[in-house]
Structure formats: C-alpha cells, structure tokens
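The values are calculated or read from the model by the stated rules, or taken from the named source; none is laboratory data. Model, not experiment: these values are computed from the prediction. Note that each Cβ is placed from the backbone with ideal geometry, even for glycine, and that neighbours are counted across all protein chains shown. Note: areas computed on protein heavy atoms with side chains; ligands, DNA, RNA excluded. Shrake-Rupley method; radii C 1.70, N 1.55, O 1.52, S 1.80 Å.
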Amino acid sequence: MLGGLLVLVLGIGGAALLLLGGSDLTGTILGAAREGKSRAELQAELDQEVQDNMMTVSVLPSPRLSSSGLLEVGFENDAENKFSQRFTLTQDGVEIYRSDPLEPGKRIDSIRLKDVATGKAMVEVQAVDQESGADRGSPTVIEVNVVNDPAETQAADTAAAAAEGSA
C-alpha cells in the first residue's frame, strides 16, 4: 500500500510510563488506584487500556493532485479500530477539507478540491464516537506533502519532448 501506516495511541502509553515511573504528581493523582494492586496488575490494566484505545489509520504521505483538482489522499480507518475517524486537511492554517466520520474498514481514496496547492499540508485525525458523534480523545496531526500527479507530469514531459523532436 502506498500510504504510510500510522499507529495512534491516545496518550495512554505515556501516562503508563509516568505512573510506573513513580512521579510525585502522578502518584498523588492515582495513589488510590495503586492501593492494593501489584505493579504487575497495574501494568496489565494500563496495557489493556492502551490496547482498547489503539487505532490504526492510513494516510498517503504525498497526496497526488491532478490538474482537475482531484486529490488522491488514501484516508483509511482500519477495520480493527473501535471508533470512527474524521480526517481534516489544512494548508497554511486554512481548513480545506473535513470528512464525515469514517467507520472502521472504510476508505476515502480521493477528494475533489478547489483550494489545494502543492506543498506542505496537515491531516488531523480525530476519533469520533459512532453513536453520539462526539470527539473521542485527542486528535493526531500528520504532516504530508501534496505533489502533482506523477502520471500527468510524465505525460506532459513526453508531449513536450515529442513536440521538440518534431520542431
């Protein structure tokens, strides 16, 4: 698959490291949760929380833009995910596309846009509760680089070379 595969963990792993590391602040907040539990039991609970909230999505690292404004993005919400995902594309801080929540196992291959250009863009991926439609957890932002469609570029180069050869 052409897309970059990204595993998104909703910050639970970092929290687990802080908890198990014995930070004073963390121990104060979760002191009651530790009471009566061994380190192994606490680790097992935190590992399960990470597993329950892990998400895999796919995004093309270099979305391809055709001259007609069709942008191949390859936004995919893995079938194993427990939540729908919303994909938002921005360039220069301006939102140029926001998908409806995409259910697990679904994919958006391409989108037609008017205000997209080649260059750096950001894709925000936000988990969405399927029943309520509310955002779930924190979004993850992925930097991508919009490029001209290589097939169109190659065809234009071939046509230009042919024109030069006949001149």
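Table for the structure above
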item: Residue ID - modelled with the lowest pLDDT, chosen from residues in the stretch 63-97 that are at negative phi and surrounded by fewer than 15 Cβ atoms within 10 Å (Cβ to Cβ); result: 82
item: Residue within the stretch 22-35 that is open to solvent by less than 40 Å² (accessible area, probe 1.4 Å), at pLDDT 70 or above and at negative phi present; result: no
item: Qualifying residue in the stretch 83-96 (condition: in contact with a Gly (Cβ under 6 Å, 6 or more places away or on another chain) and not small (Gly, Ala, Ser)); result: no
item: Residue list for the stretch 52-69, filter: part of a strand (DSSP E or B) and in contact (Cβ under 8 Å) with a residue 60 or more places away in the chain; result: 55, 57, 59, 64, 65
item: Flag for residue 136 being over 26 Å from residue 50 (Cβ atoms) and open to solvent by 90 Å² or more (accessible area, probe 1.4 Å); result: no
item: Cross-chain or 6+ apart pairs with Cβ under 9 Å, the stretch 132-148 first and part of a strand (DSSP E or B), then aromatic (Phe, Trp, Tyr); result: 136/83; 137/83
item: Flag for residue 152 being at pLDDT below 95, open to solvent by 60 Å² or more (accessible area, probe 1.4 Å) and part of a loop (DSSP other than H, G, I, E, B); result: no
item: Counted residues, the stretch 103-133 - those being among the basic types (Lys, Arg) and either surrounded by 13 or more Cβ atoms within 10 Å (Cβ to Cβ) or under 12 Å from residue 87 (Cβ atoms) (or both); result: 2
item: Residue that is nearest to residue 51 (Cα to Cα) [pool: residues in the stretch 82-116 that are in a loop (DSSP other than H, G, I, E, B) and touching a residue at least 40 places away in the same chain (Cβ under 8 Å)]; result: 83
